[in-house]
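Trainee: Attaching a single structure in structure tokens format; questions to follow.
The values are calculated or read from the model by the stated rules, or taken from the named source; none is laboratory data. On a predicted model such as this, the values are computed, not experimentally measured, just so you know. Virtual Cβ from ideal backbone geometry, glycine too; neighbours counted across all protein chains shown.
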Amino acid sequence: GKYIAILDCDDMWLPTKLEEQIPLLERDNGIGLVYSDSFRFNEKGKEKRNFEVNKPQRGNIFSELLLGNFIDTQTVVIRREVFDSMDHWFDGRLTMSGDYDAYLRISYSWKVDYVDKPLARYRVHRNSKSWRDGRKLLSVELDLVIENLKQNISGFEDKFSEGIRALERWRDVQLSLIDWENGDRKEARKRLNVYLHD
């Protein structure tokens with residue numbers, strides 16, 4: 001297909017999703033990915049809009065995305081040409097952050113646009129893999145994301161040292177939470193202490 005959209009088995013698109021996103025891609029060939037706001041909901045029926053207060057970025061968003069992933073996968077529509085221009089679509093080693101890794105590589109070379117309304121619903125539940133294994137997987141995978149960016153972007157370490165620091169901090173927060181849950185509060189504090197003096 002000309003465009004590719006992703007929907008995980010336990011999430012939902014709202015009826016006008018494609019109708020509202022495709023025209024943004026049709027208007028500008030430099031846009032590689034369009035995403036939107038979404039609703040997060042749980043098994044109790046509680047629902048919250050993802051970008052209710054803070055609005056996300058559009059255009060050349062690589063630097064902002066490097067500081068933290070704000071793109072929900074069930075909201076994206078990606079130009080097929082984008083994937084065809086990449087060495088690989090998704091890194092098979094990444095379970096939790098494969099989409100984030102791909103969106104970073106896309107946003108480095110392509111503009112990104114955004115529809116400012118919820119066009120999908122994202123289910124949050126305690127039995128999901130991301131809930132059960134998320135911290136442990138993420139703590140390992142963020143190093144692989146950094147490594148991929150170093151390999152794909154010339155001079156990445158010099159140009160984006162702040163972004164690397166943000167990813168490392170995100171990784172270390174996950175590791176410190178694992179330490180805390182395992183009863184090793186001293187190690188948890190030690191991991192985070194370095195960031196208190198930045």
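Trainee: Output the residue which, of all residues in segment 17-57 that are basic (Lys, Arg) and either in contact (Cβ under 8 Å) with a residue 24 or more places away in the chain or buried (at least 17 other Cβ atoms within 10 Å of the Cβ) (or both), is nearest to residue 77 (Cα to Cα).
Mentor: So the first thing to find is which residues in segment 17-57 are basic (Lys, Arg), and the list is 17, 27, 40, 44, 46, 48-49, 55.
Cutting the leftovers down to either in contact (Cβ under 8 Å) with a residue 24 or more places away in the chain or buried (at least 17 other Cβ atoms within 10 Å of the Cβ) (or both) gives us 17, 40, 49, 55.
Details: 17: 9, 40: 19, 49: 19, 55: 19 Å.
Ranking the candidates gives 17 first.
Trainee: If you scan segment 1-40, which residues turn out to be over 11 Å from residue 120 (Cβ atoms) and in a strand (DSSP E or B)?
Mentor: Listed by number, the residues that qualify are 3, 4, 31, 32, 33, 34.
Trainee: Could you tell me whether segment 169-177 includes any residue that is in contact (Cβ under 8 Å) with a residue 60 or more places away in the chain, of a type in the set (S, T, N, Q) and over 18 Å from residue 66 (Cα atoms)?
Mentor: As a first pass, look at segment 169-177 and keep what is in contact (Cβ under 8 Å) with a residue 60 or more places away in the chain: 170.
If we keep only those that are of a type in the set (S, T, N, Q) too, we end up with none.
Within segment 169-177, not a single residue is in contact (Cβ under 8 Å) with a residue 60 or more places away in the chain, of a type in the set (S, T, N, Q) and over 18 Å from residue 66 (Cα atoms).
Trainee: Could you please find all residues in segment 29-84 being in contact with a Ser or Thr (Cβ under 7 Å, 6 or more places away or on another chain) and hydroxyl-bearing (Ser, Thr, Tyr)?
Mentor: Matches in segment 29-84: 35, 36, 38, 75.
Trainee: Return only the number of the condition from (1) hydrophobic (A, V, I, L, M, F, W, C); (2) under 28 Å from residue 161 (Cβ atoms); (3) touching a residue at least 40 places away in the same chain (Cβ under 8 Å) that residue 70 does not satisfy.
Mentor: Condition (3) is where residue 70 drops out.
Trainee: Is it the case that residue 172 is at pLDDT below 85 and either surrounded by 14 or more Cβ atoms within 10 Å (Cβ to Cβ) or touching a strand residue (DSSP E or B) at 6+ places or on another chain (Cβ under 7 Å) (or both)? Steps first, answer last, please.
Mentor: Values: at pLDDT below 85: no; either surrounded by 14 or more Cβ atoms within 10 Å (Cβ to Cβ) or touching a strand residue (DSSP E or B) at 6+ places or on another chain (Cβ under 7 Å) (or both): yes.
So residue 172 fails the test.
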